[in-house]
Amino acid sequence: MLYSKLPNTGTTIFTTMTQMAQQFGAINLAQGFPEFSPAGDLLDLVYKHLLLGNNQYTPMAGHYPLREAISSKISRLYGQEYDPETEITITAGATQALFTAIGTIVQEGDEVIVFEPAYDSYTPAIKLNGGTPVYIQLLAPDFNIDWEKVKRAITARTKLIILNSPHNPTGSVLSPEDLVTLAKIVSGTRIYLLSDEAYEHIIFDGLKHCSLAGNAQLRSRSFVVASLGKTYHATGWRMGYIVAPKAEMTEFRKIHQFTVFNSNAPIQFALAEFLNREYEYQNLPDFYQAKRDLFCNLLKDSSFKFTPASGSFFQSMDFSALTDLSDKAFVEWLVKEVGVAAIPYSAFYHQKTELQYVRFCFAKSDETLYRAAEKLHIVMNK
Ligand code: GLN
């Protein structure tokens, strides 16, 4: 029998719930992916590059014009310069960027601060590299970071803090004050920061995304990850990127070259031409805020309790007014009996949690959201 390197890890909840949604014919608000197609112009560009013959390897770090386009986007939006030659790498989705970054930074015996609820890929990546996750709880209903707890959790072994804003699953976002406090806390230490910013363009109520790539004090210790799949409604293309200082990026690429070498070539060529169309991502906050508002309005008279998400395309809901069921039992019942799939919050915790929360993805057509809300209302009426 093969020794398991991840004995306590099963198949991810996202795969599990999508399979269950298919099996029971339920509306899939579980795994986070948009129901919409990428822009027609972008599809045309992909087609063009397939036909032009841009189907062979790109440079290992990614198609250079795409890296240039990313560099100018970061400069425009966040006011910092990143060298496309040495500080930007195109990855096969944000998940690969996160995994490779953790592999680059974490060594045997290192401690890594992880905020819970946490996206489920962080802990396995830390453990596979011999690190120890040190968990700090984000508390409902706001799920903001208590920086006093962070100060107390730091030891001589703390190598890395993993941040995620807009936050999956809670939808909370980091504020400018958070970054000021973080900068004070890490100043004078050798702690690295890994910032998962997959939902950087999906932020609401006039809030501005606070990227660590835009922070003059923090960027020298930060690896910042973004998802082109989330931004362009194309999660299946597996396209993301990571930026970091030159020396750190050199180490990242040593691992990246032996895991994926380079990501999908024709898509990179197409995105290199498409990325400078600013309106494509400038529209996203309004587009998704309307979805959030629709979904929240449809459920405002139900017995779900919730605070509207500040960012991401997820809305979390507390179902404790309805039942004592665990979140796992609740989502199983929802998918089988009600016909709506959701993600149970326990998937984002390393230990049992008392929270009775589920996460819904609202990156769906209005019609899908109406249909899902109607089904949920039948069981969640006050
Ligand atoms: N990021 C997506 C989510 O949170 C899922 C990604 C995946 O399935 N690996 O739902």
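The values are calculated or read from the model by the stated rules, or taken from the named source; none is laboratory data. Predicted, not measured: the structure shown is a model, and the values here were computed from it. Note that each Cβ is placed from the backbone with ideal geometry, even for glycine, and that neighbours are counted across all protein chains shown.
Across segment 356-382, what is the total count of residues that are surrounded by fewer than 18 Cβ atoms within 10 Å (Cβ to Cβ) and in a loop (DSSP other than H, G, I, E, B)?
So the answer is 2.
A quick yes/no check of all residues on (1) over 20 Å from Glu280 (Cα atoms); (2) in contact with a helix residue (DSSP H, G or I) (Cβ under 7 Å, 6 or more places away or on another chain):
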site: Thr9; (1), (2): yes, yes
site: Gly25; (1), (2): yes, no
site: Glu35; (1), (2): no, yes
site: Asp44; (1), (2): no, no
site: Asn54; (1), (2): yes, yes
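Taking only pairs six or more apart or across chains, which ones have beta-carbon atoms under 8 Å, a first residue in segment 224-241 that is touching a residue at least 60 places away in the same chain (Cβ under 8 Å), and a second residue that is part of a helix (DSSP H, G or I) and of a type in the set (D, E, K, R)?
Pairs found: Tyr232/Glu280; Tyr241/Arg67.
Would you confirm whether or not segment 341-349 contains a residue that is more than 21 Å from Thr307 (Cα to Cα) and either of a type in the set (Lys, Arg) or out of contact with any Pro (no Cβ under 8 Å at 6 or more places or on another chain) (or both)?
Narrowing segment 341-349 to residues more than 21 Å from Thr307 (Cα to Cα): none.
Looking for residues that are more than 21 Å from Thr307 (Cα to Cα) and either of a type in the set (Lys, Arg) or out of contact with any Pro (no Cβ under 8 Å at 6 or more places or on another chain) (or both), one finds none in segment 341-349, hence no.
Quick test of your reading of the structure: Lys149 fulfils all but one of (1) in contact with a Ser or Thr (Cβ under 7 Å, 6 or more places away or on another chain); (2) more than 27 Å from Thr86 (Cβ to Cβ); (3) more than 16 Å from the ligand (Cβ to nearest atom). Name the failing condition by number.
Answer for Lys149: the failing condition is (1).
Give the residues of segment 1-57 that are among the acidic types (Asp, Glu) and either within 24 Å of the chain's Cα centre (by Cα) or in a loop (DSSP other than H, G, I, E, B) (or both), sorted by residue number. Full working, then the answer.
Of the residues in segment 1-57, the ones among the acidic types (Asp, Glu) are 35, 41, 44.
Scanning segment 1-57 gives a single hit, Glu35.
Quickly run through segment 208-226 and pick out the residues that are in contact with a strand residue (DSSP E or B) (Cβ under 7 Å, 6 or more places away or on another chain) and part of a loop (DSSP other than H, G, I, E, B).
As a first pass, look at segment 208-226 and keep what is in contact with a strand residue (DSSP E or B) (Cβ under 7 Å, 6 or more places away or on another chain): 209, 211-213, 218, 221-226.
His209, Ser211, Leu218, listed by residue number.
Test of understanding: among Ala309, Ala342, Ala321, which residue is surrounded by fewer than 14 Cβ atoms within 10 Å (Cβ to Cβ) and over 21 Å from Leu42 (Cα atoms)? Step through it out loud before you land on a result.
Details: Ala309 fails: surrounded by fewer than 14 Cβ atoms within 10 Å (Cβ to Cβ); Ala342 fails: surrounded by fewer than 14 Cβ atoms within 10 Å (Cβ to Cβ).
None of the other options fit; the residue is Ala321.
Considering only segment 50-69, I want to know if a residue exists there that is touching a residue at least 60 places away in the same chain (Cβ under 8 Å), within 16 Å of the ligand (Cβ to nearest atom) and not hydrophobic (A, V, I, L, M, F, W, C).
no
Go through (1) assigned to a loop (DSSP other than H, G, I, E, B); (2) within 16 Å of the ligand (Cβ to nearest atom) one by one and return the number of the condition Gly229 breaks.
Tallying (1) assigned to a loop (DSSP other than H, G, I, E, B); (2) within 16 Å of the ligand (Cβ to nearest atom), Gly229 fails exactly one: (1).
Could you please tell me which pairs satisfy a Cβ distance under 6 Å, a separation of 6+ or placement on different chains, a first residue in segment 130-141 that is modelled with pLDDT of 95 or more, and a second residue that is outside any strand (DSSP E or B) and crowded, with 17+ Cβ neighbours inside 10 Å?
As it stands, the answer is Gly131/Val106; Gly131/Asp110; Pro133/Thr123; Pro133/Ile126, since those pairs meet every condition given.
If I ask for residues that are more than 18 Å from the chain's Cα centre (by Cα) and closer than 27 Å to Phe261 by Cβ, which ones from segment 113-141 would you list?
Result: Lys127, Leu128, Asn129, Gly130, Gly131.
Considering Asp196, Asp205, which residue is surrounded by fewer than 16 Cβ atoms within 10 Å (Cβ to Cβ) and either of a type in the set (D, E, K, R) or under 13 Å from the mean Cα position of the chain (by Cα) (or both)?
Numbers: Asp196 fails: surrounded by fewer than 16 Cβ atoms within 10 Å (Cβ to Cβ).
Residue meeting the stated conditions: Asp205.
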